[in-house]
Amino acid sequence: MYDKKTLYTFMKRVSRFFRDNPKSVRIEKIREVEVNPVTKKRYCLAGDVDYTPHRGKPRIRIDYRRDIVATLIHELVHYFYDDLSESKTRRMESALINQLSKSQVRHLLKMLASRL
Ligand SMILES: [Zn+2]
């Protein structure tokens, strides 16, 4: 389902996202707790996307105490494909992160760091 072309398209959209939306990703301590509607388990949010544009920009929050790369990919998938369910978003996140090369991860981290 998620092949090299999906990864390539995703990375292109990520580059464009960081170019067009400087300071749209923030790293912070997120205190909100979410409840899984099925299992009723409570868990701390690792990140979220605020779709309400702030000065025309979306806003993504990442909890730096969690896995930054996986959370960043997860939230970007939510942002790019906002009609995907949470479970499909998780599947896409894990497919993407498993296909990323080390240099793509370096690129991703550099883009994030330079826009903070
Ligand atoms: Zn999610």
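Please treat every number below as a calculation from the coordinates, not as lab data. Because the structure is predicted, anything quoted here is derived from the model rather than measured. Because the Cβ atoms are built from the backbone with ideal geometry, glycine has one as well, and the counts that use them run over all protein chains shown.
By DSSP, the beta bridges lying fully in the range 4-111 are antiparallel in about 65 percent of cases. In terms of packing, defined here as the mean over residues of other Cβ atoms within 10 angstrom, the peptides 38-50, 72-84 line up highest first as 72-84, 38-50. The GluC sites (Glu not before Pro) found in the range 11-65 that occupy coil by DSSP, while having at most 14 further C-beta atoms within 10 Å, are Glu32.
Global dimensions of the range 4-111 from alpha-carbon coordinates: Rg and Dmax equal 13.8, 39 Å.
Checking the Cα-Cα distances for Lys57/Lys110; Lys5/Lys57; Lys12/Lys57; Lys29/Lys110 against a 30 Å cut-off, no pair goes over it. Amide H contacts for Arg59 (H built 1.01 Å from N in the peptide plane; partners 5 or more residues away or on another chain; cut-off under 5 Å): Asp50. Only Cα pairs under 8 Å and 6+ residues apart enter the sum, and on that basis the relative contact order of the chain stands at 29 percent. The phi-based Karplus calculation (6.51 cos²θ - 1.76 cosθ + 1.60; θ = phi - 60°) puts the 3J(HN,Hα) values of the range 74-90 at 4, 5, 5, 4, 4, 5, 6, 10, 6, 9, 6, 6, 4, 5, 5, 4, 4 Hz, whole numbers, x for Gly and Pro.
Determine the calculated [θ] at 222 nm for the chain from helices alone, applying -39500 (n - 2.57) to every DSSP H run no shorter than 4 residues and normalising by the residue count; nearest 500 deg cm²/dmol. Result for the chain, helices only: -16000 deg cm²/dmol.
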